[in-house]
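Report on the following structure.
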Amino acid sequence: MPPAGVTLPPLTYAHLLLIGTATRVVRYVNYASFTFMVWDMLLTLPDEVKYIWKARWTVIKVVFLSNRYVTPIILIGNLYTISGQAKDLSDQVCPRTQLHCI
């Protein structure tokens with residue numbers, strides 16, 4: 001809903017087509033990004049085991065591992081919300097989870 005006193009122009013077929021196309025592009029880019037991230041994680045896993053897992057615990061190691069393994073979890077949640085399968089999300093759920101609701 002727009003704020004009180006604000007009038008929005010009516011949506012035309014061209015607007016709806018543009019919104020649908022943009023939504024589809026966002027989905028494809030997110031899927032491609034996630035695929036590339038998983039591919040990169042698999043490629044660099046031997047070096048990660050050698051240099052990170054066997055190293056002593058430091059702040060840098062914690063930051064690296066957090067970034068490495070929390071990011072995919074967040075992206076999976078994001079992919080779920082933009083996939084169109086997230087029918088159970090409402091306006092109250094989205095701000096709490098910090099996920100983008102489409």
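The values are calculated or read from the model by the stated rules, or taken from the named source; none is laboratory data. Since we're looking at a predicted model, the values are computed, not measured. All Cβ positions, glycine included, derive from the backbone under ideal geometry; neighbour counts span all protein chains shown. Note: accessible area is taken over every heavy atom of the protein model, side chains too, but ligands, DNA and RNA are not part of it. Shrake-Rupley method; radii C 1.70, N 1.55, O 1.52, S 1.80 Å.
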(message) So, in region 33-70, how many residues would count as being β-branched (V, I, T) and open to solvent by 60 Å² or more (accessible area, probe 1.4 Å)?
(response) 6
(request) Hey, could you check region 43-102 for residues that are among the hydroxyl-bearing types (S, T, Y) and at pLDDT below 75 and say which is farthest from S33 (Cα to Cα)? (result) S90
(request) Go through region 28-46 and give me each residue that's in contact (Cβ under 8 Å) with a residue 40 or more places away in the chain and of a type in the set (S, T, Y). (result) Y31, S33
(request) Give the number of residues within region 1-32 that are under 16 Å from T81 (Cα atoms), among the hydroxyl-bearing types (S, T, Y) and either more than 28 Å from the chain's Cα centre (by Cα) or open to solvent by 90 Å² or more (accessible area, probe 1.4 Å) (or both). (result) 1
